[in-house]
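Working notes for the structure below.
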Amino acid sequence: MLNVPVIAIDGPSASGKGTVAQIVAERLGFHYLDSGAIYRLTALAAQNQGVSWSDEQAVAAVAQYLDVVFEGERILLAGEDVSAAIRSEQIGSGASQVAALPAVRAALLARQQAFAQMPGLVGDGRDMASVVFPAAQLKVFLTASAAARAERRYKQLIGRGEVADLAVITADLEARDARDRARSVAPLAQAPDAYLLDTTAMGIDEAVNQVVAWWAKKA
Ligand code: C5P
């Protein structure tokens, strides 16, 4: 993984970093790592196995032996397509609880680093720049105001035909961000050498173009 080009994109929930990271990866022909999905899968697998999200050693064991296959857009957990199941708000909340446990993060580190393959990788999450790929050639902290993020998540849920309440979503996002920022291991923070990209008043194309332009300057 030493010489593999890596673009690390971190930021809070519903900032749009996943969408941006995925399109940047497509444009550059790079692989893509959705690290949040790995924490979501861990939360779902623990739940399926009757393991409490607060039992650090038991969840770490689940993380260690996670039977996951990424097949393009499809994600299989123990052979079952869980692509939609891991996107629920309940599993998102579980992901942020298991993500606060140091043994769980340690168990998932090598699995994430293995995504760094030629010709390059775009990884998105909370600690791509600080922990997983500290030597990434380009680091971006992608954010947006809490109100803009809540509205994006709201539209996403409505678009999926789910029942959504903006006030509840705002409170959930704030609770999740607070937990992600306050935890002792790999807290959500802008790395000192990361570019700040505030997308509050920006469309996806503009955000993608900015990341690609930063990359062109580095490469
Ligand atoms: O990005 P997404 O909402 O899918 O992530 C779910 C949760 O997983 C986050 O709220 C965060 O707590 C955790 N996470 C993390 N480190 C990452 C990616 C996600 O702690 N690199």
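The values are calculated or read from the model by the stated rules, or taken from the named source; none is laboratory data. Only a predicted model underlies this, so the values are computations on that prediction, with no experimental measurement involved. All Cβ positions, glycine included, derive from the backbone under ideal geometry; neighbour counts span all protein chains shown. Calculation scope for accessible area: heavy atoms of the full protein, side chains included, ligands and nucleic acids excluded. Shrake-Rupley method; radii C 1.70, N 1.55, O 1.52, S 1.80 Å.
Using Cα pairs closer than 8 Å and at least 6 residues apart in sequence, work out the relative contact order for the chain, in percent.
Across the chain, relative contact order equals 33 percent.
Please identify, among ALA175, ALA46, ALA63, the residue showing maximal mean-square fluctuation in a Gaussian network model of the chain using a 10 angstrom Cα cutoff.
Result: ALA175 has the largest fluctuation of those listed.
Segment 20-127: which chymotrypsin sites (Phe, Trp or Tyr not before Pro) are DSSP loop and have at most 13 other beta-carbon atoms within 10 angstrom?
Sparse-neighbourhood loop chymotrypsin sites (Phe, Trp or Tyr not before Pro): TYR65.
Out of ALA219, ALA95, GLN156, whose Cα points farthest toward the positive end of the dipole of the chain (charges: +1 Lys, Arg; -1 Asp, Glu; placed on Cβ)?
Selected residue: ALA219.
Grab the other residues whose beta carbon is less than 12 angstrom from that of GLN137, score K and R as +1, D and E as -1, and report the net.
Net of charged neighbours comes to +2.
Using a 1.4 Å probe on the protein heavy atoms, what percent of the accessible area of the chain belongs to carbon and sulfur?
Roughly 55 percent of what the probe reaches on the chain is carbon or sulfur.
Compactness ratio of segment 1-83: Cα Rg over 2.2 N^0.38 Å, N = residue count?
Working: Rg = 14.7 Å, N = 83, 2.2 N^0.38 = 11.8 Å.
Relative to the rule-of-thumb radius for its length, segment 1-83 sits at 1.25.
With only Lys, Arg, Asp and Glu charged, each at its Cβ (+1 for the first two, -1 for the last two), find how big the charge dipole of the chain is about the Cα centre; round to the nearest 20 debye.
420 debye
Per the Kirkwood definition applied to all pairs of different Cα atoms, how many angstroms is the hydrodynamic radius of segment 64-165?
Hydrodynamic radius (Kirkwood, Cα only) of segment 64-165 equals 16.1 Å.
Using only helices, what value at 222 nm comes out for the chain when you add -39,500 (n - 2.57) per DSSP H run of length 4 or more and divide by the total residues, to the nearest 500 deg cm²/dmol?
Computed mean residue ellipticity for the chain: -15000 deg cm²/dmol.
Within the chain, what's the longest stretch lacking GluC sites (Glu not before Pro) that sit in DSSP loops with no more than 16 other Cβ atoms inside 10 Å?
In the chain, the maximal stretch lacking such sites is 74-161.
Leaving ligands, DNA and RNA out of it, work out the accessible area of THR200 with a 1.4 Å probe and give it in Å² to the nearest 10.
60 Å²
Which ³J(HN,Hα) values, rounded to whole Hz and listed in residue order, are derived for segment 101-112 from phi using the Karplus coefficients 6.51, -1.76 and 1.60 in 6.51 cos²θ - 1.76 cosθ + 1.60 with θ = phi - 60°, glycine and proline given as x?
8, x, 5, 6, 4, 5, 5, 9, 5, 5, 4, 6
If you keep only loop residues by DSSP, which trypsin sites (Lys or Arg not before Pro) in segment 143-219 have at most 14 other Cβ atoms within 10 Å of their Cβ?
ARG160
Residues of segment 6-218: accessible area per residue at 1.4 Å, in Å²?
Per-residue accessible area for segment 6-218 comes out at 45 Å².
Report the rotationally averaged projected area of segment 6-218 based on its alpha-carbon convex hull, in square nanometres.
Reported value for the Cα convex hull: 11.1 nm².
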